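Presented below is the structure to which this report refers.
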4 protein chains.
Amino acid sequence: MAYSTLGFGLIGAGVIGRLHAQHLASRVPSARLVGVSDPLADAARSCAESNSSMTYESHRALLADSGIHAVVIASPPDTHAGLIEDAAAAGKHIFCEKPIDCTLDKIDRAIATVDRAGVKLQIGFNRRFDANYKAVHDSVVSGKVGKPLIVHIISRDPKPATLSNTRSVGGLFLDMTIHDFDMARYVTQSEVESVHTIASTMLEGCGEPDTAIVTLRMANGALVSIDNGHTTFGYDQRIEVFGSTGMIATENEKPHSAHLTDSSGSHAVLPWHFFIERYAESYARELRAFVECIARDTEPLVTAVDGRRAVVVAVAAQRSYDESRPVSISEVE
Amino acid sequence: MAYSTLGFGLIGAGVIGRLHAQHLASRVPSARLVGVSDPLADAARSCAESNSSMTYESHRALLADSGIHAVVIASPPDTHAGLIEDAAAAGKHIFCEKPIDCTLDKIDRAIATVDRAGVKLQIGFNRRFDANYKAVHDSVVSGKVGKPLIVHIISRDPKPATLSNTRSVGGLFLDMTIHDFDMARYVTQSEVESVHTIASTMLEGCGEPDTAIVTLRMANGALVSIDNGHTTFGYDQRIEVFGSTGMIATENEKPHSAHLTDSSGSHAVLPWHFFIERYAESYARELRAFVECIARDTEPLVTAVDGRRAVVVAVAAQRSYDESRPVSISEVE
Amino acid sequence: MAYSTLGFGLIGAGVIGRLHAQHLASRVPSARLVGVSDPLADAARSCAESNSSMTYESHRALLADSGIHAVVIASPPDTHAGLIEDAAAAGKHIFCEKPIDCTLDKIDRAIATVDRAGVKLQIGFNRRFDANYKAVHDSVVSGKVGKPLIVHIISRDPKPATLSNTRSVGGLFLDMTIHDFDMARYVTQSEVESVHTIASTMLEGCGEPDTAIVTLRMANGALVSIDNGHTTFGYDQRIEVFGSTGMIATENEKPHSAHLTDSSGSHAVLPWHFFIERYAESYARELRAFVECIARDTEPLVTAVDGRRAVVVAVAAQRSYDESRPVSISEVE
Amino acid sequence: MAYSTLGFGLIGAGVIGRLHAQHLASRVPSARLVGVSDPLADAARSCAESNSSMTYESHRALLADSGIHAVVIASPPDTHAGLIEDAAAAGKHIFCEKPIDCTLDKIDRAIATVDRAGVKLQIGFNRRFDANYKAVHDSVVSGKVGKPLIVHIISRDPKPATLSNTRSVGGLFLDMTIHDFDMARYVTQSEVESVHTIASTMLEGCGEPDTAIVTLRMANGALVSIDNGHTTFGYDQRIEVFGSTGMIATENEKPHSAHLTDSSGSHAVLPWHFFIERYAESYARELRAFVECIARDTEPLVTAVDGRRAVVVAVAAQRSYDESRPVSISEVE
């Protein structure tokens, strides 16, 4: 690689964008944050200032800066594919938040552009980089549980303070369950064959399902169930893989382990509240891995194909819900 | 009640029958075991001798004994309904192992006979009497988790030493999952509306599914997933109820809590191996409750209707598996 | 052995005596309870009736019954040695509650009588028969933690409802810590060399220490700390052995494992409240072991010497407290 | 405060010094690392380069730099007091690693100089800033366990690869247990009155004790036991406070929570290996708190007096070991 440190541009300075900015500024060796763009100029400026970097008037201006070698796309989901195309055309390596986009034709065009440009594209399935999920994955891959038979994924967000926070990004399956679809593929090392969804609505005024069990049948015979919902007790993020010779499971991570026993029982503290606290480490690790795959010219751990396949499953899960029947992945592809 | 202790006859002296015999002989106040019948005369004799009781040549001879006020039916599942009819006709109260029987018409005839006779009939869903499941049920009923939204039931047997042990009793759903169907109804306090099954075969040579995820949609909107399979690590028996304001979950019970930490990690002992060890206490409690409902002339905690409904769900689960589609309970009823 | 079942007499029908009576009546194969004596005639009668046995006017009448082959002594501690002498003189095998007695000269006379009579004498250190402590002991003995270096024993009773319950039996060290002194010897497989006590008084109006840390130096170099006190949360009974290659520890046993998570945290149930609930199983096992050592003419697992040594350590612990200095066991012997 | 960011000099570039350098360079807002001094020029240079800062020829040169407002002293323990005097004389605020020094007269002189200079002095008892210990402290202070009665502190290092690593810094009590002496004072909010030590030597060739139980009697009546030793399973760092109305306890922190169950049992991963991994967060937090106490001109959370008192207890613990008797703090003061 010609450059000693990799110059990054950030496109989108919302919650997750600001987290990536901080990591690029101080926690990713060989990377530096050059500048930020966001249609909301104030958001861009505030994020840039906090991390000693520049502001661009638009993502096009950012992409035109030759000091920027790679971008992090953290804009709304349905803008991802277009931005990927622009960034690839500008010869920038791309780290793009999940989902890769919301419709398959846009995604396919974006992937084709990336392939032609020969740049790296890594999708933000950060949980693959979390210590718990990595330990589960590694144990399964190394045969510690035998053949994976049943996977149970629990993935529940804290209940939002206001309803408007919930449904801005393509519905439950594209926004929330998409992480779990990727995780199912990651830990079973297999592809989804069919999907069945049952769901309900718990949050008042929410016109769409917010609580669901999605079951998957994988090509290698593994069966998967995914629980989604919204809790009053913080971020509920667990996985269990039951295999032919053993089982591996994780527990929610907590801020500390102190537990109080008094005359009413034993009491422990709540899990970390949400993704910023719970997954901070994994967000830093995914960017370090991205920088490393550029430096070594290797394939990202989470590829464009991984990004696309999770969207395919999300589309199938939605269709299963809408039509109350199991949906084969081949119907959607 | 006219009698100071209740005389019991045991019909069927297999594994579970012998357990009930021991409990009747020493762990159920106000009950005594009068005698045992089993088509296998040796089994009947051995069981009777171990518990200081008599042997009968047939269940008819047993039912003819006026010193017997109640029977425990622990014969093969497809003989249950017939025996219930005979016992009810003889005016005996009836505790019958699960499933109540395998086909709905036989079950309905048996229930009608019981109703006419005015005797008690309790079905052997012993898990309702286990401290873990009772604590979960009681917490849900008292509102500790709010409205139940998602229930996850894990119910896995230890892998059988020989295949012949597995599939003698009506298939996975009628034999094993039937406990879970009852548990789903018990903890949600609602009825099953529809069932969807995905399943696979792990045990070599087993022509039927032995590993499954069954999902249920309950009338009150709760969603349920049930995991079944066969382990290398003993009896895997857990439940988790996620509700609108909280969650309650259990862990596997173990013979002791000692855990060793050495240079390779921290190590704890396996769960109890199977139902005899794990659920001993609940089997004693269900008989005590049965004796009490006779003494007080109250309804059993597990009724004939509970027994029948679990069979209906099992039939629907099998059909869902056979036809690869969700099955509405109304199709089976 | 000439008799097919061993006839037992119970001397002392208090809380622990009644528990032994129940176990002899139904949970100890090859044993039966013949009768009960207690200076409180009502206590004797009530206990006898509940367990279908006889009442004797005095322990001497009980010992005169040739149908009684063995006795359980569950009277106040300072009557133990005298009763042991009487029972041994009558040729009865003896199971005696802890402590064996309160003063060494009485204990020595009693042991001498037992030796002359050639009867068995087992002391009621029931915790050796508990699954948790047995697992720790067995792991240490089989070398799983290497050489034992530091043992930590936590042994706290629930706070008594009224103060009068606390101090009837020879003070904290002879009544409560004595179990821990035996446990220290049992798990380290070594003898106590010196004792140091620090203690305080928490229960109002209690003129003696009720809260203590006692440290022991064992002959094999192992160091032991024992925590005693009175809780608001039930019976606190744990042990941890740290050795040169590993560590083994136990947790408090609870009535069930269900844990609730709500917006205020995660909540589990209290431990079992006291010895009757917590150690029921171990009390049955120690009697079964006693019957077996008579049947096979082997040495009891807990000998008279074990009983005496624990008293020696208790005396040293009290002296250490009184004189604020470490006390060598050789000073007391 | 006149300066917008606080310039730091680091004196001593060993393991812990390098950790502080990293934190000053990137994890302590309002602080920057100006430069490093170490008698080993290579160590100073390497540390300075990794953190984009300067090297000084000596600590005197460092102290002469007016761009340096505060120092971190991370040199060998017996040099601390002298360096504190020099730094205070130069008007620098001081963060000094534990122990504050090894002898009380040197410590007293250093504290007098600091008082005259009016600079801040904070001692490196980082565990006060750890989430586990802070939660325990806060719970005790807010009355959650009532009056603290018994404290149990487990503090064991991983077994060193070579013996020479163990005993370079004043013996077990001044090097290792000193953290625990501070913790006992911190969680009980009381002073040590007397100390009793029992100890042994496990590491071959180590002429001094490396395994110990130290018991403390606090002025408020609380009793404390401290377990020290060296493990084969990583850093063993736990605390339990038993009080008149409840108990609070922590568990070892681990890299992840995944646990595997197979036919041999349930297996979890080892705790974090040592202080760098386990306490990273607390080391950053103590420096942030130090910067804040300078900025706000408040008293440090860990004062010079705290540093001195822990040394006093360590001296008493050593004397207790040497003379096999409890030692009153008043003997040492």
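Annotations
- Neighbourhood charge, 15 Å Cβ-Cβ cut-off, centred on D:Gly91 and excluding it, Lys, Arg +1 and Asp, Glu -1: -1
- Amide H partners (placed H, <5 Å) of B:Gly234, local residues excluded: B:Lys159
- Each copy carries a label point for D:Ala41 at 7 Å from Cα toward Cβ; from one copy, the others' points are 5.5, 10.2, 10.4 nm away, ordered from shortest.
- Across the range B:121-126, computed HN-Hα scalar couplings (Karplus, 6.51 cos²θ - 1.76 cosθ + 1.60, θ = phi - 60°) run 9, 10, 9, x, 7, 5 Hz from first to last residue, x flagging Gly and Pro.
- Here the relative contact order of chain B, from alpha carbon pairs under 8 Å that lie six or more residues apart, stands at 18 percent.
- Charged-residue dipole, Cβ positions (Lys, Arg, Asp, Glu), the protein assembly as shown about Cα centre, Debye nearest 20: 0 debye
- Most tightly packed first, judged by the mean number of other beta-carbon atoms within 10 Å of their residues, the peptides B:316-323, D:115-122, A:10-17 read A:10-17, B:316-323, D:115-122.
- Average partner coverage of A:214-221, which counts Cβ from other chains inside 10 Å: 3
- Label geometry 7 Å along the beta-carbon vector: C:Ser324 inter-copy distances in nm: 2.1, 8.2, 8.4
- Per-copy distances of the C:Asp108 label point, shortest first, in nm (7 angstrom along Cα→Cβ): 5.3, 8.6, 9.8
- Too-long pairs where the Cα-Cα distance tops 26 Å, listed order kept, from A:Lys147/C:Lys144; A:Lys144/B:Lys254; C:Lys144/D:Lys254: A:Lys147/C:Lys144
- Debye, to nearest 20: dipole size of the range A:6-119, +1 on Lys, Arg Cβ, -1 on Asp, Glu Cβ: 340 debye
- Short-range pairs are left out: with C-alpha atoms under 8 Å and at least six residues apart, the relative contact order of the range B:59-218 is 16 percent.
- Angle in degrees between helix C:41-50 and the longest Cα principal axis of chain C, rounded to the nearest 10: 90 degrees
- Relative contact order, percent, the range B:6-119 [alpha-carbon distance under 8 Å, six or more residues apart]: 25 percent
- Other residues with beta-carbon under 11 Å from the beta-carbon of A:Ile248 carry, at +1 per Lys or Arg and -1 per Asp or Glu, a net charge of -2.
- Compared with the dominant principal axis of the Cα atoms in chain C, helix C:15-26 is inclined by about 60°.
- Highest to lowest packing among D:40-52, C:142-154, scored as the average C-beta count within 10 Å: C:142-154, D:40-52
- Rg and Dmax, both from the Cα atoms of the range B:263-333 and both in Å, are 19.7, 60.
- Residue with peak Gaussian network fluctuation, chain B [Cα springs, cutoff 10 Å], from B:Asp236, B:Asp210, B:Asp105: B:Asp105
- Summarising the amide proton neighbourhood of B:Leu149: residues at separation of 5 or more, or on other chains, whose placed amide H is nearer than 5 Å comprise B:Phe242, B:Gly243, B:Ser244.
- Selection from C:Tyr235, C:Ala314, C:Tyr279 lying farthest towards where the dipole of the range C:216-333 points positive, charges on Cβ: C:Ala314
- Cα-based Kirkwood hydrodynamic radius, the range B:1-108, one decimal, Å: 13.5 Å
- A straight Cα-to-Cα reach below 23 Å connects C:Lys106 with the lysines C:Lys92, C:Lys98, C:Lys120, residues fewer than 8 places away in its own chain not being considered.
- Reach of C:Lys134 by Cα under 16 Å, taken over aspartates and glutamates that are not fewer than 8 positions away in the same chain: C:Asp180, C:Asp182, C:Glu240, C:Glu251, C:Glu253, C:Glu281, C:Glu286
- For the peptide C:265-277, the mean number of other protein chain Cβ atoms found within 10 angstrom of a residue's Cβ is 4.
- Within the protein assembly as shown, percent of DSSP bridges classed antiparallel, to nearest 5: 55 percent
- Principal-axis tilt of helix C:178-188 within chain C, Cα atoms, nearest 10 degrees: 70 degrees
- Relative intensity, log₁₀ I(q)/I(0), of chain B from a Debye sum that treats every alpha carbon as a point, q = 0.12, 0.13 Å⁻¹: -0.87, -1.02
- Taking every DSSP beta bridge that has both ends in chain C, the antiparallel portion is near 55%.
- Shielding of D:238-251 by partner chains, average beta-carbon count, 10 Å: 6
- Per-residue ³J(HN,Hα) for the range B:84-92, Karplus 6.51 cos²θ - 1.76 cosθ + 1.60, θ = phi - 60°, Hz, x for Gly and Pro: 4, 4, 4, 5, 5, 4, 7, x, 8
- Within-10-Å neighbourhood charge of A:Ala70 [Cβ basis; K, R +1; D, E -1]: +2
- Per the axis that maps chain D onto chain A, nearest residue of D (Cβ criterion) and its distance in Å: D:Ser26, 2
- For the protein assembly as shown, convex hull volume per residue from C-alpha positions, Å³: 186 Å³
- Annotation: amide H of A:Ile94 within the under-5 Å range of A:Val71, A:Lys120, A:Leu121, A:Gln122, sequence separation 5 or more or interchain, hydrogens built in the peptide plane.
- Most mobile listed residue (A:Ala280, A:Ala90, A:Ala268) in chain A, GNM with C-alpha springs under 10 Å: A:Ala268
- Ellipticity estimate at 222 nm from DSSP helix runs (n ≥ 4, -39,500 (n - 2.57)) divided over the protein assembly as shown, nearest 500: -10500 deg cm²/dmol
- Backbone geometry of the range B:135-151 corresponds, through the Karplus equation with coefficients 6.51, -1.76 and 1.60 at θ = phi - 60°, to 3J(HN,Hα) couplings of 4, 5, 4, 5, 5, 5, 4, 7, x, 5, 10, x, 6, x, 10, 9, 10 Hz, x marking Gly and Pro.
A short reminder: the numbers here are calculations on the coordinates, not readings from a lab. In this text the structure is predicted, and so the values were computed from the model without any measurement. Here Cβ is always computed from backbone atoms with ideal geometry, including for glycine, and neighbour counts include all displayed protein chains.
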